[in-house]
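These notes concern the structure reproduced below.
Every number here is computed from the coordinates shown, using simple stated rules; none is lab data. All values derive from a computational prediction rather than experimental measurement. Here the Cβ positions follow ideal geometry from the backbone for every residue, glycine too, while neighbour counts run over all protein chains shown.
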Amino acid sequence: MHRFRLFPLALAIASLAACKSSPDITPDPAASAKPAVTLPAGHLQMSEAAGDGDAESQIVTALGKSSAAKRKLVVYVGATWCEPCQRFHKAAEHGELDSAFPDLDVIAFDADRDREKLAVAGYYSKLIPLFALPKADGTASGKQIEGGNKGDGSVAQLTPRLRGLLEM
């Protein structure tokens, strides 16, 4: 299961249950916004970029949160049909990357859905997955790795390359 998604879901269900069980409480519309959840130190944290809005604004917001938490941020571009992308997501969800990247935040974009807004922000690649370091204004820095092997060794092949990118 998605450990980085379960906690917000559990909070939302608990909030909804509390509202339904107390007829005197009127739900606050602002409370229906997705809560910002930060995992404890030592965990890779992956969040999906919103389908609407420009990439730069979303990345700048994510950079601010990561910086405040003394974490690093990488922009990730993948696709549901991409096997190395699927394997990376699964490894992240199961905590298999926590020890390698304990202070890494990943903002994930979908290559098919977000291609145009990513191009406006300077995020280009011939292959996916794409991992890129953003500049402070949310645009691409040009420091990136792209592509991955298919099969069981894909995450093992991506891990040292991502580590090298983060050291740039």
Point to revise | Among the candidates 112, 98, residue that is farther than 20 Å from residue 165 by Cα and either free of Cβ contacts under 8 Å to residues at least 60 places away in the same chain or of a type in the set (S, T, N, Q) (or both) | key: 112
Check your understanding: Does residue 157 qualify as being closer than 20 Å to residue 45 by Cβ and among the polar types (S, T, N, Q)?
Key -> no
Practice item. Name every residue in region 122-147 that is in contact with a Gly (Cβ under 9 Å, 6 or more places away or on another chain), surrounded by fewer than 18 Cβ atoms within 10 Å (Cβ to Cβ) and not polar (S, T, N, Q), in order of residue number. Key: 122, 126, 127, 133, 135, 142
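Just for strands (runs of 3 or more DSSP E) wholly inside region 46-161: which have at least 2 residues that are charged (D, E, K, R)? Break it down stepwise before answering.
Values: elements: 72-78, 104-110, 130-134, 140-146.
Correct list: 104-110, 140-146.
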